[in-house]
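Undergrad: Here you go, one structure.
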């Protein structure tokens, strides 16, 4: 039982990282009808930026905060202006193809311009080990789970309790009605892209100590986050959180009790099963929307 609980807790920590990336998928889809298949690379790039800043002498916390600013400009504002705005008017398919191409470009650019080797990344929570009721918990897993949940719940509170957050939700539900109400739609959509970039940076801080900083680290992460978003419900941000946690726990249990070879296929298997019975995901809903 203790081993089982340890696997569940470790899976929750990993799943919370998937949830952060999955939340980025749902936010962009709700606000602008955008699907970004370069999400994994949006996590990979901040990891290398933080490594570069640390090699220049900055401590990890300062590197993380500065990387959030850089990501907000490059992966938030820059991504929207350079890629999304010119292509979204032509439909979703050209944008999907473009983001797939962007992911390949970013991976190859890091491999050619930085390194093809995996680089270690410090864990901001340290490497202490705790024993709670017979269950061994690492400081990394505990810190990752708590920090990720704080970020997700804080974002939920922002969306629900603030004027700007409610305006962003109004834009996500109906852009025409939001415009009639006097909401600056373009600004709210831009805020969504900036928040997505910040979430990717947080995910990079939490996942890189485990995945290591390498050019292909975003491939698996991006796919699992996308599947987690669908499992939870692509139009429900709370569903993204639950979907990420489910994927993290199930792949940990499958790796331990079935075979490590099946671990990376768990998200796809869950997706196939759930989509058969709940085409809109566990918490998704059928809705008519116009962007």
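A short reminder: the numbers here are calculations on the coordinates, not readings from a lab. What you see is a predicted model, and the numbers here were worked out from it, not measured in a lab. Cβ: placed from backbone, ideal geometry, glycine included. Neighbour counts: every protein chain shown.
Undergrad: So for the pair residue 179, residue 277, with labels modelled 7 Å out along Cα→Cβ, what separation do we get in nm?
TA: 4.2 nm
Undergrad: Quick one: order 44, 106 by neighbouring beta-carbon count within 10 Å, fewest to most.
TA: 106, 44
Undergrad: Can you give the FRET efficiency to the nearest 0.05 for residue 163 and residue 97, using r as the Cβ-Cβ distance and R₀ = 51 Å?
TA: With a Förster radius of 51 Å, E is 0.90.
Undergrad: Continuing with the same structure: Helix 39-55 versus the longest principal axis of the chain: what angle, 0 to 90°, nearest 10, using Cα atoms?
TA: 60 degrees
Undergrad: Report, in deg cm²/dmol and to the nearest 500, the calculated mean residue ellipticity at 222 nm for the chain, where each DSSP H run with n ≥ 4 adds -39500 (n - 2.57) and the sum is divided by the residue count.
TA: -23000 deg cm²/dmol
Undergrad: Quick one: helix 163-173 against the long Cα principal axis of the chain, what's the angle to the nearest 10°, folded into 0 to 90?
TA: 80 degrees
Undergrad: Something else now. Label points 7 Å out from Cα along the Cβ direction at residue 259 and residue 115: separation in nm?
TA: It is 3.4 nm.
Undergrad: Sticking with this one: Please give the length that would be gained between residue 65 and residue 139 if that part of the chain were fully extended, namely 0.36 nm times their separation in residues minus their C-alpha to C-alpha distance (nm, one decimal).
TA: Separation in residues times 0.36 nm, less the Cα-Cα distance, equals 24.5 nm.
Undergrad: Here's a follow-up. From the square roots a ≥ b ≥ c of the eigenvalues of the alpha-carbon gyration tensor of the stretch 62-129, which class results: rounded (a/c under 1.5), prolate (a/b over b/c), or oblate?
TA: Prolate, because a/c is 1.5 or more and a/b exceeds b/c.
Undergrad: Can you bin the stretch 2-216 into rounded, prolate or oblate? Criterion: square roots of the alpha carbon gyration tensor eigenvalues sorted a ≥ b ≥ c, rounded for a/c under 1.5, prolate for a/b above b/c, oblate for the rest. Don't skip to the end; give the middle numbers.
TA: On the way: a/c = 2.05, a/b = 1.38, b/c = 1.49.
Because a/c hits 1.5 or more and a/b fails to exceed b/c, the stretch 2-216 counts as oblate.
Undergrad: So, one more: Most exposed first by the Cβ proxy, i.e. fewest other Cβ within 10 Å, how do 257, 18 rank?
TA: 257, 18
Undergrad: Under a crude label model (7 Å from the Cα following the beta-carbon direction), how far is residue 56 from residue 77 in nanometres?
TA: 1.8 nm
Undergrad: Taking square-rooted eigenvalues a ≥ b ≥ c of the alpha carbon gyration tensor, is the stretch 1-89 rounded, prolate or oblate, where a/c under 1.5 means rounded and, failing that, a/b exceeding b/c means prolate?
TA: Verdict is oblate for the stretch 1-89.
Undergrad: Right, something else. What is the angle, in °, between the Cα long axis of helix 237-257 and the longest principal axis of the Cα atoms in the chain? Nearest 10 is fine, range 0 to 90.
TA: It is inclined by approximately 30 degrees.
Undergrad: Let me ask something else. May I ask you to derive the FRET efficiency for residue 269 and residue 212 from their Cβ-Cβ distance with R0 = 25 Å, giving the value to the nearest 0.05?
TA: Details: r = 26 Å, r/R0 = 1.04.
In this case the efficiency is close to 0.45.
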